[in-house]
Structure formats: C-alpha cells, structure tokens
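The values are calculated or read from the model by the stated rules, or taken from the named source; none is laboratory data. No experiment lies behind these values; they were computed from the predicted model shown. So basically every Cβ, Gly included, is an ideal-geometry build from the backbone, and we count neighbours across all protein chains shown.
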C-alpha cells in the first residue's frame, strides 16, 4: 500500500511543482509591481483586493497550463519517455510565464498596462523592436534575461528530481483520476460557478486601469487580450446591444444633419454637406502626422514649451485648442485622421482584414478628383500594416526607408525627420512643376523611443540627450525648418497643410481614461488660410470633414465627424471620443460616459482642473447615444458600411 502511494506521488510530483511555481512567480511579480506603483495602488483604499483577486487569476493560469498534462499522467506515468515530454512542457511553460513577468515592468513603464495584444503585434517587427530595446532598454533586458535564465535552471533541477514511476492502477481508476483532474481543472479555469467564467471585468474595482491590471498576471492578460480581440473582430458587441434601426437613428441625429442629407439606404452615414461650396480648382492637401506629440509639450497649450517653432506657426493658421486623440497608438491616429472612422475596442481598421480594400479614406475620395496620393514615411511601411492598408484604399505610392538613397541620419525607427521632410519637399515641388494636384500623408518618427536624433541641431532641453523632451524639441526644429522651405516653394500658395499629432507619448494615469493625456495639438495652415483659433471641444475624426470643407470638396462621404467650420457649428455641442485599451470614453462638454466590456455604462462629470466628479444628473439620452455610436462603429466595419458607393 505504501509503495503504491509513493508511486502515485512520484507520478504527479512534477504537476504539483509546476502549479506551485507558477503561483510563486506570479505572486512575487505582483509584489514587485505593487511596490513600484504603491502610491496608485494604496490610493484605491483596497490594496488587499488586488492580492486576493490576483491569487484567483494566478490559479486560473496555473490550472489552464496544468490540467491537460495532469489528466494524462495516469496513462503516461509508466513511460519514462512520456514523463520527460511532460517535464519539458512544464519547463517551457514556466520559462514563458517567467519571461512575461520579467518583461512586465518595462512594458508597464512604456504603456501603463500589463502586456496586451501590442506585445504580440510588435513581435512581428523584430528589426524596429529589438533595435529600440537595445538602444533604450539594454540594461533592463539583460537583467530580465538573466533572471529568467537562472530561475529556469533552478526549476529544471526540480523537474529532474521528480520520479516517473508507474501508477499500478487499473483502467477504471485511471479514468476516474483523469475525470477528477479535468473537473478540478475546469473549476480552476472558470473560477466561477456562475453563468460566465471569471474575466478581467471582475477586477475592475478601480478607475485606475493599471491597478486593475495588477490583479491579473501578464500571461493571462496577454492571452485574454488576444482571445477577446479575435472574438470581437468576428462580430461580438463589446459594450451592449440595441436594435439596428435605433442605432442608425441615433448616429444620424448626432451628426446634426437634415434627413435629406443622407442619400443612401444601403450606407447609413453616406451624406452630403450642402454648406460646402465646390471650388473649380481644388488645392493640394498635406497632412503631417507628428509622432507622440501631446499637448503637455506644446507651449501654446500650456505645456513645457519644447515646441517653439510650432508655437510660432499657431498665429499663421487655424489653431485647435481642445482637440483630442482617439487612441494611444499611431494606427489609431491614422484611422481617425485619414478615414474619419470612430474607434472601437478592436484593433484599428488599419490592421483588420475587412478594411484592407474598399474602406473609405481621404485618399480614396481625392483620387476621384485626380489627385496624386502618397504616403511618405522614414521607416519601413510594413510596420503596423500601413503599406497594405494604404495601397488597398486609394494611395498611389508609398515612400519608405529604402527609398532614401543617402539619408543623413538613420535611427531605430527610420531616417530622421529632416531627411523625411527633405524628401517630401522634393516630391511636392516636382508635382507642382507638373501641375499635378496632390495629397500626401507625411508621418514623422524622430520622437519615438529610444529618442535618437542628429547631434548639434538643437540646444538640449535636458540631459541625457536621449529623452522625450529633447526628441520633441528636435522634431519641432525639423518641422519649423520644413515650413521655412515650404513657404518659399512653388506649392505653398496652393496647398493646405494639417499638422496634427497621432497621439500623446505619455497616456497613463489613475483615471479610467486619463482624458488630458489625449489632448493633442492641431494646426491647419497654408498660403490661403486665414488665421483663427477654434476653442471648441473636438476630436481627430473632425479633421477630415473640415479639410474637405476648406478644399471645397462637397462629394458624399460616410464620415460622421463634425465639420468644425460649418455655419451652424456653434449650435452643436463639442465632443471627443477616446479609446483606452478596451475602455471607451465619450466626452461632451463637462460630461463623460465610460463604456467597458461586460459592464454597465458609467457617467461622470469632468472638469480639467478637477478631473472626474459626480455628475449633476444621469443623462440617459446621452448614454443611449454613446452606446449607439459604439455599436455603429463595430457594425459598420463588420457589414462593410463605411465606404463610398459602388461606381
């Protein structure tokens, strides 16, 4: 009897060691992270909830990784080779779990969240990512790899010490053991006897998204992000349900147009703007998308003032004082500015499969007016799927790093902004000589971690050189130098320029959605632009219809953004839509509605000086409108409704 008990224990020893090792690694990591962010954790008033719920999600992870091999052990324990395979599986899983936790502090420092789908997406671009890591984070990477390596060696020795003796039981006993283990594993994975298994919504006890993330572990966070993203992209509604006719009605009403403005029953938002006066000659349009340029850097917006050239230009064009980005990544900014599409919890449409062709973009519309359309970038355009999306949706040409024969400076993310603007100027001047109208998206990259730029261009704002403030100042220098050149060019008088940030570089904070981190600069200027200041609350999605108005292009399109120059704009409330991970914020005046997966909508008051406050009253009509717009965005993508009509 004692021999059988010993054999039984020996066969399952590796499963027990692995299960406990996963719990230990995740718990130790949570303790370290909680110490690093204790001020934010303690401010919630319930730090112990993070640790208790954290153990729950660590058990979910350990159960998911252990249940299948543990259920097979009764059948495989008679074979030393089979048990070695099990131990190798445990060793690989342990190393991966440990690696994810070791990578978490650096990832959180950059993105204010545990590793999520960005972690996987960036692995598709090893050149850029590994170059960035080596230049900016080599010490952290080295220490992390050392910890992973040493801990994996220790774990391997524990595995080698386990027995692989046979369990001398009959088939009924083995079957019973497997069924019990499977049942226990399912209970551990679900961590709930309710209708739905446990998911991140059960730890949404704080408005600080990072604090909620601390209650997870990084392997679970990554796996759930990938899983939920795939489900959503197959049509799952993230924030709720409403009848489709109600959704369309609400969205149309929010556009503040007469019903006769909508000209298609098939495409619900396709409309005409009857106040736009068509022009016989349409100007060139250039959009300069500035990497990671938040309002906090811009002196004219109350920032630290490392953008003197942009600040000087604000008096020469249409300056937007309260413009908000729709997201935190470059592709979200591209989505908003180039397509006017509203954000969703899914990836940007730049990456989604159904939007790779036939999806509405400004380039697609301008192509019908015989514009030459181009994307000019200093890095590799395959990054974030930009090349494929642009070439499938109205862009004629893509200029990328390989097209710069002799750049003066090359950084991890591509050529310097000076090289970029030099190439853009040459392209535009050539088009002007040919009498060819053009549209171009020029995307900068010098203000991107690890913040590499040429020496002796600027007086550094601070030491060391490789800082975000210095990189912003260099990017501003390059921008100002370009406009000096453009003003003396053969295309200046006939071109509309939009300078706008894709997003801020520091989107983080204790609020559910840190609104002020979404505040970005935007400026429209050019030879024919009369200076003015637009102080109303606005979103990146409003820039596309505003540009069309200035260009005198009255062609029907499906974008739901507000033309900020329409005659009755003062009678329409300003608003901004911000996507922060899986959470969406809709701000209208001093009211804000928060939508999160599998949670009821929340409404708050919002004031810049005070942040989130209790609302004066719960506006159910506003909440209903916000929910309708979030549903419309998902369905417009799924049903291919965001496009120009065929033919």
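Go through region 412-430 and count every residue that is outside any loop (DSSP other than H, G, I, E, B) and either more than 20 Å from residue 496 (Cβ to Cβ) or touching a helix residue (DSSP H, G or I) at 6+ places or on another chain (Cβ under 9 Å) (or both).
12
This table checks each residue for (1) closer than 28 Å to residue 107 by Cα; (2) outside any helix (DSSP H, G or I); (3) over 31 Å from the mean Cα position of the chain (by Cα).
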| residue | (1), (2), (3) |
| --- | --- |
| 387 | yes, no, no |
| 432 | no, no, yes |
| 446 | yes, yes, no |
| 452 | yes, yes, no |
| 460 | yes, yes, no |
| 479 | no, no, no |
| 485 | no, no, yes |
| 489 | no, yes, yes |
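Okay, residues lined up against (1) over 23 Å from the mean Cα position of the chain (by Cα); (2) under 20 Å from residue 322 (Cα atoms); (3) outside any strand (DSSP E or B):
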| position | (1), (2), (3) |
| --- | --- |
| 521 | no, yes, no |
| 538 | no, yes, no |
| 555 | yes, no, yes |
| 578 | no, yes, no |
| 586 | no, yes, no |
| 593 | no, yes, no |
| 621 | yes, no, yes |
| 627 | no, no, yes |
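Taking interchain pairs and intrachain pairs at least six residues apart, which have beta carbon atoms under 6 angstrom, with the first residue in region 609-622 and more than 13 Å from residue 514 (Cα to Cα) and the second surrounded by 12 or more Cβ atoms within 10 Å (Cβ to Cβ)?
Sorted first by the residue in region 609-622, then by its partner, the pairs are 613/605; 615/603; 615/604; 615/605; 618/603.
With respect to residue 292, is the statement that it is surrounded by 24 or more Cβ atoms within 10 Å (Cβ to Cβ) and on the phi > 0 side of the Ramachandran plot true?
Answer is yes for this residue.
Exactly one condition in (1) more than 30 Å from residue 485 (Cβ to Cβ); (2) touching a helix residue (DSSP H, G or I) at 6+ places or on another chain (Cβ under 7 Å); (3) touching a residue at least 40 places away in the same chain (Cβ under 8 Å) is not met by residue 368; state its number.
Condition (2) is where residue 368 drops out.
State whether the residues of region 297-320 include one that is under 30 Å from residue 631 (Cβ atoms), without any contact (Cβ under 8 Å) to a residue 40 or more places away in the chain and crowded, with 20+ Cβ neighbours inside 10 Å.
Checking region 297-320: not a single residue is under 30 Å from residue 631 (Cβ atoms), without any contact (Cβ under 8 Å) to a residue 40 or more places away in the chain and crowded, with 20+ Cβ neighbours inside 10 Å.
Can we say residue 472 is in contact with a helix residue (DSSP H, G or I) (Cβ under 8 Å, 6 or more places away or on another chain) and either outside the structural domain of residue 612 (by TED's automatic domain parsing) or part of a loop (DSSP other than H, G, I, E, B) (or both)?
For residue 472, the condition - in contact with a helix residue (DSSP H, G or I) (Cβ under 8 Å, 6 or more places away or on another chain) and either outside the structural domain of residue 612 (by TED's automatic domain parsing) or part of a loop (DSSP other than H, G, I, E, B) (or both) - is not met.
What are the residues in region 276-289 that are surrounded by fewer than 12 Cβ atoms within 10 Å (Cβ to Cβ) and over 14 Å from residue 371 (Cβ atoms), if any?
If the condition is that a residue be surrounded by fewer than 12 Cβ atoms within 10 Å (Cβ to Cβ) and over 14 Å from residue 371 (Cβ atoms), then 277, 278, 280 are the ones that fit.
Among the helices (runs of 4 or more DSSP H) contained in region 97-161, which hold 2 or more residues that are touching a strand residue (DSSP E or B) at 6+ places or on another chain (Cβ under 9 Å) and at pLDDT below 75?
So the answer is 126-136.
Can you say whether residue 328 is at pLDDT 95 or above, under 25 Å from the mean Cα position of the chain (by Cα), under 21 Å from residue 385 (Cα atoms) and assigned to a loop (DSSP other than H, G, I, E, B), as far as the supplied structure shows?
No.
Being modelled with pLDDT under 90, surrounded by 14 or more Cβ atoms within 10 Å (Cβ to Cβ), out of contact with any strand residue (DSSP E or B) (no Cβ under 9 Å at 6 or more places or on another chain) and outside any loop (DSSP other than H, G, I, E, B) narrows it down to one residue among 182, 222; which is it?
222
Could you say whether any residue in region 529-551 is crowded, with 21+ Cβ neighbours inside 10 Å, at pLDDT 95 or above, out of contact with any strand residue (DSSP E or B) (no Cβ under 9 Å at 6 or more places or on another chain) and assigned by TED's automatic domain parsing to the domain that holds residue 310?
No; the residues of region 529-551 include none that is crowded, with 21+ Cβ neighbours inside 10 Å, at pLDDT 95 or above, out of contact with any strand residue (DSSP E or B) (no Cβ under 9 Å at 6 or more places or on another chain) and assigned by TED's automatic domain parsing to the domain that holds residue 310.
Among 512, 566, which is the only one that is surrounded by 20 or more Cβ atoms within 10 Å (Cβ to Cβ), assigned by TED's automatic domain parsing to the domain that holds residue 610, in a loop (DSSP other than H, G, I, E, B) and in contact (Cβ under 8 Å) with a residue 24 or more places away in the chain?
Residue meeting the stated conditions: 512.
Kindly list the number of the only condition in (1) buried (at least 18 other Cβ atoms within 10 Å of the Cβ); (2) closer than 23 Å to residue 182 by Cβ that fails for residue 100.
(2)
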